Amino acid sequence: MTLVTPRRAVLAAPALLMALTKSPSTALARAAEDGLAGVAKKRGITYGAALLAENLADENYKRALDREAALLMPIWEGKWGAIEPQEAVLNTGPLKQIIDWGAAEGKAVRGHTLIWHESLPEWVTKGLKGGRNAGISIMASHMDRVLGFTKPFIRDWDVVNEPIADPPGSDTPQSGPGDLRRTPWLEAMGPDYIQQAFIMARQRDATLRLTLNEYGIEEDTPAAEEKRRRLLSLVRELVMKSTPIDAVGIQAHLQLSNPFRPEPLQRFISALQGTGLQVLVTELDIRETWNAPQDIAARDALVAERAYAFASTAVEAGVKTFLTWGISDRYTWLNDTPGVAMPSGRKHRGLPLGEDLSRKPMWQALARAFSGGS
Ligand code: 9MR
């Protein structure tokens with residue numbers, strides 16, 4: 001396996017990429033032996049990656065993930081439809097597979113996700129039609145079962161995922177009533193379903209890190225600015241009401257078709273931290289434009305440039321937990337989700353390792369961001 005950037009990538013890359021991949025005698029070269037987690041750890045940052053349990057059957061992939069990540073996050077196995085597909089019948093096998101492999105290799109696992117509007121089995125959506133009391137009881141039982149099972153293994157859960165409505169100008173804008181996304185939970189229980197979820201999680205596990213996770217809040221667009229405003233206002237309200245919430249997860253599914261500037265993100269992270277919460281980056285990946293250049297090196301340079309701009313901003317703002325949504329272009333939703341995958345059949349190259357598991361310029365960009373630009 002190649003551990004260095006292919007020469008053609010370096011030759012065709014712009015100045016920033018040159019800076020990222022040059023100087024083999026420096027910290028970055030040593031980083032090549034460590035993996036991203038090793039590089040991040042030196043700065044007090046925990047780096048991890050999301051995965052599907054089924055992909056652990058791919059030994060080469062597993063080795064690469066083992067080398068790079070100190071923290072694991074289940075892409076599917078912790079979601080309601082995966083873990084409690086039938087009422088009161090837990091399917092913990094695939095999540096346990098991730099937990100066991102993590103334990104064997106000394107990696108922590110974070111949980112994803114307890115309360116979300118997607119990946120809900122029909123028995124839940126039907127049940128939620130019963131109104132507030134039904135909602136409270138379904139939520140409480142799920143938390144009893146799932147947190148009861150994961151308490152010994154998982155110390156950080158996405159308790160509420162994606163509660164904010166997408167403003168006008170987003171890819172998938174929603175209409176009112178307010179800042180919150182209209183979900184089966186909101187309809188059943190009203191806006192305080194969010195606070196209830198955090199309270200219930202804390203009641204079941206006093207020292208679990210309780211995280212609220214959201215997307216569409218990273219880039220320099222009017223829609224992202226409005227979504228940041230909405231999220232900040234929700235978080236401030238939750239904190240004002242003494243809700244047991246510990247952290248906000250910034251998903252970071254970035255798109256090269258959107259502009260990015262460090263300042264709005266910096267301000268947002270500081271504002272969140274100002275409420276007393278931690279800020280994590282939970283799902284970084286980078287979607288290329290559909291008319292991306294043909295040349296692989298040029299494409300990788302653009303991805304690396306965005307990865308560095310984003311990650312260095314987050315790290316400088318004090319983010320200490322940083323995950324990518326996958327580790328390799330071999331397995332990623334970016335290439336199998338309609339509307340996200342490129343219609344031309346070209347594959348997005350938006351993760352640190354290529355399909356062949358070799359380190360790409362995005363790897364170097366993250367390594368450099370984690371090591372403080374040196
Ligand atoms: O990447 C995930 C995809 O494979 C699943 O089909 C989908 C539904 O479970 O969820 C995707 O992951 C999402 C994550 O759970 C929450 N943030 C956005 C992610 C990408 O859509």
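The values are calculated or read from the model by the stated rules, or taken from the named source; none is laboratory data. Please read these numbers as outputs of a predicted model, since none were measured by experiment. With ideal geometry, Cβ positions are generated from the backbone for all residues, glycine too; neighbour counts draw on all protein chains shown. Ligands, DNA and RNA are stripped out before the accessible areas are found, and what is left, the full protein with its side chains, is counted by its heavy atoms. Shrake-Rupley method; radii C 1.70, N 1.55, O 1.52, S 1.80 Å.
Enter the accessible area per residue of the chain (Å², integer; probe 1.4 Å; all protein chains in place).
Dividing the accessible area of the chain by its residue count gives 40 Å².
Add +1 for every Lys or Arg and -1 for every Asp or Glu among the other residues with Cβ under 12 Å from the Cβ of residue 90, and state the total.
Once positives and negatives cancel, what remains is -2.
Return the single residue from 205, 179, 295 with maximal mean-square fluctuation; model: Gaussian network over the chain, springs between Cα atoms under 10 Å.
Evaluated over the chain, the most mobile residue of the options is 295.
Of the candidates 239, 160, 281, which one comes out as most mobile in a Gaussian network treatment of the chain with C-alpha springs shorter than 10 Å?
Most flexible of the set in this elastic network: 239.
Between the range 106-123 and the range 137-200, what is the C-alpha centre distance in whole Å?
When both Cα centres are located, 11 Å separates them.
What do you get when you divide the Cα radius of gyration of the range 224-267 by 2.2 N^0.38 Å, with N the number of residues?
Rg over 2.2 N^0.38 Å, computed on Cα atoms: 1.37.
Based on the mean of other beta carbon atoms within 10 Å per residue, what is the order of 181-191, 246-256, most packed first?
Averaged packing, sorted descending, gives the order 246-256, 181-191.
I'd like the Kirkwood hydrodynamic radius of the chain, using the inverse of the mean 1/r over distinct C-alpha pairs, in Å.
Mean inverse Cα-Cα distance, inverted, gives 21.1 Å.
Once Rh is set to the Kirkwood radius over Cα pairs, what Stokes-Einstein translational diffusion coefficient, in µm²/s, holds for the range 178-337 at a temperature of 4 °C and a viscosity of 1.567 mPa s?
Taking Rh from Cα pairs, D becomes 76 µm²/s.
Between residue 91 and residue 267, what is the label-point separation in nm under the 7 Å Cα-to-beta-carbon projection?
4.5
Return the subset of 107/360; 96/129; 62/126; 41/227; 107/241; 320/347 for which the Cα-Cα distance in this structure is over 27 Å, preserving the input order.
Result: 96/129; 62/126; 41/227; 107/241; 320/347 exceed 27 Å.
Pick from 73, 240, 362 the residue whose mean-square fluctuation is largest in a GNM of the chain, springs joining Cα atoms under 10 Å.
Comparing 73, 240, 362 in the GNM, the peak value goes to 240.
Let me know the shape class of the range 130-176, please: from the alpha-carbon gyration tensor, a ≥ b ≥ c as square roots of the eigenvalues, rounded when a/c is under 1.5, otherwise prolate if a/b is greater than b/c, or oblate.
It is oblate, given that a/c is not under 1.5 and a/b is not larger than b/c.
Of the heavy-atom accessible surface of the range 171-274 (probe 1.4 angstrom), what whole percent is carbon and sulfur?
Here carbon and sulfur together make up 51 percent of the probe-accessible area.
For the range 299-374, what % of the accessible area comes from carbon and sulfur atoms, probe 1.4 Å?
50
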